[in-house]
Structures are given as structure tokens and as C-alpha cells.
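A short write-up of the structure that comes next.
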Amino acid sequence: MKRKQIYTGLWASLLLLAPAVTSATSAHATDIQTGQQSVATSQLSASQSTSSQVASDQLVESSRQSQGTSSRSQVAEVPAKTAQATNNQSVKSAAKAVLNQDYQGAMTRGAQQLTTSQDTEVWAALARISSGAQLTTDQKATFHQVFAEELTGMAGHYSATDLERLTIGIAAIGEDPTQFNGINLIAEIIKKAATAGITGQVYGIIALSTQDYGSQANQTINQLIDLVLKQQNTAGGWAFFGSVSDLDITGMTMSALGMHRDQPKVQSALDRAVALLKTTGFVKATGGFLIPGGFSTEENSNSTAMAILGLAAAGVNPATTFVGDNGATPITNLIAYQKADGQFRWMMGSDDGALSMSTEQAVYALGQYDYLLKGKGSIYNFKKVVSEPDPEPKPDPKPAPAPKPTTPGKKPAGESSASSSSEVDLDKTLPKQPGYKEDGMPLTGTTATQDALPQTGHQSVWGSVLAGLFMLLGVAGYQTRRLKQR
């Protein structure tokens, strides 16, 4: 009888122990499953970072199917409505799957292509520098020679835009436009820019803002800003000629005005231009921009690049402010134009046109986007920032006494209880997970490892088991004492 009561107590203890073990084990299994899902998600993200050529080709095909027939891409008609619906669904799925947001990789490949092709245009220099590439001494010398020869070839017959373009290139390679090849380009721009057309005025603002060129240059900048603002149409954009907004000119103008956003009248004009791009220019189906006009009636990388350039210069993130179907953005759209060799197409799926120009504009547009994300301002700002030296530290008249050594496990005298060892700063003690930045955001293209899985599940399991065993022994002892008392 006594033995039976002891067994009864043991079984009761096991029943009490079972929920704790089950709960802890389930928590451990859940932690592991969650961690494995995180690994799988990270690996999937990395595997989807395919080459730009694959992304470009697939998006080209999906764009062709979703946009219907055009002068450059013909899509075979599907006679049955059900087949069309199925095809459209496949197009949407494909477009969603191939979106590439690795703008830094695309920018770097484009800059490398410009280097490989030995492009010595002003805009190639701007593109390479804004991408973060460092020009070698020989490369700077090559650009200097090309710019000097071009200036000499003008034989004194300078147009405003030629002077402004060269000034941008000269400032980009770190030289002085006020005394380049014996000519003061800034003085010539001041003379000519106000009477030039819209492009001469826009690039006049940019060229004169690349460095601090004195009070006369600053007065000319303000004069040009007033002239440009007066040409903004009622829709909020700018036109090369006529009254219909031109996407390229609007983007270029925004990039110039973006260097002077501290002026209220400038910020107001930029707000109107952003509203135009939202309501009229953005193509949700592709993530690109199009305002049909005299230059182009189809989407192209140049126009989208100029829109990205203007938005980023105006402080507007095109990747979060303009989101289309299946998450397409202007950034993913522009990246889709890139070929496997790093070059950017002008028209999707076509190698016609000036691809070197498309590559230059795409790279420095992505460079301006990168500047926006990093808070670096305008890619046209080459002002040298000279940091002030730190003041010499003054000696402390009463140096603090050296801290007394303390015994491990004991608090130093005078230390408050709030800093006891039981309170731990998790940010300092927990190891950073592989594949994550300091702020906890995942790094692009990295995958989590097993080391990143939660490591607390097995601790809670063994804690619960030990607690249960102590409970089991306690109940058995209690039952034995009761029997002995009888």
C-alpha cells in the first residue's frame, strides 16, 4: 500500500513536469524554425541578386508583353481571352521576380565600362567620380589634355553651354576653371549665360556653383535662378521649346535648382516639379518616366536618368516616393537597361542610339541617388571642405585619482545599486549577427549562418528539466516522510 502511494506521488510529479518540458521544447523548436526561415529568406534574397543582363532581358520581355505593340517591340496576339489573362498574370509574376535594386553594383559596372571604353567626355569624368571611383594621375592628365584641346579648338568662339560643360569637367578632376589653359572660363560664363537659352541658364547655375568663385559669380547665379523660375510652366515643368514640359530639361533644371534649395522660391518650384512627375510623368507599369514630346515618344534610359537626377538633387527619394506595379521604381527601371558588359541601353531591348551617353547619364544619376542616401548633397559640388584643427587640450588642474583595483564580483565603493551586474547592456554584450549592419539592417547580398540562429532555446529546456527533477524529488521525499509518519 505504501509503495503504491509512493508511485502515485511520482506519477503526479511527472505529470507536473511534462507541460514545462513540452513548452520549453516547443519554444526551442520554434526558435530554430524561425532562425532557419531567416536563413532561407536571406539565401533566397542573395540568389535573386542575379546579373544585370538576366534582369534586363527578363524585364524587357515582361515590359513588351504588358505594354502591347509598339514601333520597337511587337507582341504576338493571343486569340483566347483566357490565354491572355494567363499570359498577363505570368508577365506580372516575371516582372516582380526580376526587379533589381542593386543600384551600387549597376553604378560601379557602368563606371568600369566607361573606364574600359576610354570615354574621355566631361560627363564620363563626372560619372566616374560621382560613382566613387578614384581617378589616377594619368587618367586626370588624359582628361586635362582632352579638355584643353577642346577649348583650344573653339578658337575664342565659346558658347555658354560649351564653357559650362568644360567647367564642370575641369572642376570634377580637381582643377581651377578660372585659370585653365590660360582662360578664365568663369568670367566668360558670367558674360554669356544670362542671354543663353534654357540649357545655358541651367548649366550656368551648375557651373558657377561647382566652387566658390566670388561675389560676381554668386550674383549671376541668383540672376539665372530668377530667369529659370520664370520659365516654369503652369504644369510645373520646363520645356526646351514650346509650352509642353520636357522630361530631360525638367530633370536637368531640378538638378541645378537643387543646389540652392535654401531659397524659398526655389523649394516651391521644386515641389511643383515633383508633383508634375507624380501625376503626369511616372509610368506605374514599368517604374520609369515618360512625357511624350518632340525628343521621344517612348520610355528611354536618358529621360528616366534625368528625372532620377533631378529628384535626388531636390532631396526626393525616387525609390520610395515613386512605387509602381509589383514594386517597380525608377531605380529598378533604370537598372533594367544595363547590359552584361555594364553599358546602358538607350531604348529597352535595343542597341541603337548613343549608348555611351546613356551610360554616362545613368551612372551619374545613380551617383546622385547615392549622394542623397548618404547626405552628400549635389554631385556638382566640388567645393573643398577644410576641417578646422582640434584645439589643443588644456591640462586638468586637478587630475582625477586613479581608480582603485576591485575584486571580481564586488562593486567598487560608492557605486550605486543601479549598475549592478544583474543589469546587462544587451547592445554591448550580444554578438552581432553575421550579414547585418550595426543598426541591425541586413546587408545586401549576404546570407545568415547557423551562428545567427537563436541560442537561448536549449538553455530554457535544460532549466525546465532541472526544475522538474527537483520538483519530482521533492514530491517523492514528501510522500516517503508521510508514509514513515504513519
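The values are calculated or read from the model by the stated rules, or taken from the named source; none is laboratory data. Keep in mind the model is a prediction, meaning the values are calculated, not measured. Here Cβ is always computed from backbone atoms with ideal geometry, including for glycine, and neighbour counts include all displayed protein chains. Ligands, DNA and RNA are stripped out before the accessible areas are found, and what is left, the full protein with its side chains, is counted by its heavy atoms. Shrake-Rupley method; radii C 1.70, N 1.55, O 1.52, S 1.80 Å.
Can you tell me which residues in region 220-248 are acidic (Asp, Glu) and over 30 Å from the mean Cα position of the chain (by Cα)? Matches in region 220-248: ASP226 only.
Within region 346-366, the set of residues being open to solvent by 50 Å² or more (accessible area, probe 1.4 Å), more than 10 Å from ASN300 (Cβ to Cβ) and of a type outside the set (D, E, K, R) comprises ALA354, SER356, MET357. Residue count for region 368-387 under the criterion of being among the hydrophobic types (A, V, I, L, M, F, W, C), modelled with pLDDT of 95 or more and open to solvent by 20 Å² or more (accessible area, probe 1.4 Å): the result is 3. What number of residues in region 165-179 are open to solvent by 10 Å² or more (accessible area, probe 1.4 Å) and touching a residue at least 60 places away in the same chain (Cβ under 8 Å)? Count: 2.
Considering LEU151, LEU126, the condition of being farther than 21 Å from GLN361 by Cβ and buried (at least 17 other Cβ atoms within 10 Å of the Cβ) is satisfied by LEU151 alone. Take the conditions (1) out of contact with any Ser or Thr (no Cβ under 6 Å at 6 or more places or on another chain); (2) surrounded by 17 or more Cβ atoms within 10 Å (Cβ to Cβ); GLY182 misses just one of them, which is (2). Among the residues making up region 250-274, those that are open to solvent by 10 Å² or more (accessible area, probe 1.4 Å) and either in contact (Cβ under 8 Å) with a residue 12 or more places away in the chain or touching a Lys or Arg at 6+ places or on another chain (Cβ under 6 Å) (or both) are MET252, GLY258, MET259, HIS260, ARG261, GLN263, LYS265, GLN267, ARG272, VAL274. Restricting attention to region 287-319, the residues that are polar (S, T, N, Q), open to solvent by 20 Å² or more (accessible area, probe 1.4 Å) and within 20 Å of the chain's Cα centre (by Cα) total 1. In region 344-354, is there at least one residue being over 21 Å from PHE240 (Cα atoms), within 14 Å of the chain's Cα centre (by Cα), part of a loop (DSSP other than H, G, I, E, B) and of a type in the set (A, V, I, L, M)? Taking every residue of region 344-354 in turn, none turns out to be over 21 Å from PHE240 (Cα atoms), within 14 Å of the chain's Cα centre (by Cα), part of a loop (DSSP other than H, G, I, E, B) and of a type in the set (A, V, I, L, M). One residue alone among ALA340, ALA365 is in a loop (DSSP other than H, G, I, E, B), on the phi < 0 side of the Ramachandran plot and modelled with pLDDT of 55 or more, and that residue is ALA340. Of everything listed in (1) more than 23 Å from ALA171 (Cα to Cα); (2) open to solvent by 10 Å² or more (accessible area, probe 1.4 Å); (3) touching a helix residue (DSSP H, G or I) at 6+ places or on another chain (Cβ under 8 Å), the single unmet condition for TRP238 is (2). Please work out which residue is nearest to GLY294 (Cα to Cα), limiting yourself to region 209-235 and to residues that are open to solvent by less than 10 Å² (accessible area, probe 1.4 Å) and in contact (Cβ under 8 Å) with a residue 40 or more places away in the chain. Taking the candidates together, the pick is ILE225.
If the condition is being modelled with pLDDT of 95 or more and either of a type in the set (D, E, K, R) or open to solvent by 40 Å² or more (accessible area, probe 1.4 Å) (or both), then region 99-117 contributes ASP102, GLN104, THR108, ARG109, GLN112, THR115, THR116, SER117.
Here LYS140 clears all of (1) more than 23 Å from the chain's Cα centre (by Cα); (2) basic (Lys, Arg); (3) crowded, with 17+ Cβ neighbours inside 10 Å except the condition numbered (3). Please find, among GLN338, GLN267, GLN263, the residue that is among the polar types (S, T, N, Q) and under 19 Å from ARG109 (Cβ atoms). Of the residues listed, the single one that is among the polar types (S, T, N, Q) and under 19 Å from ARG109 (Cβ atoms) is GLN338. Being within 28 Å of the chain's Cα centre (by Cα) and either part of a helix (DSSP H, G or I) or more than 28 Å from THR108 (Cα to Cα) (or both) is not true of VAL146.
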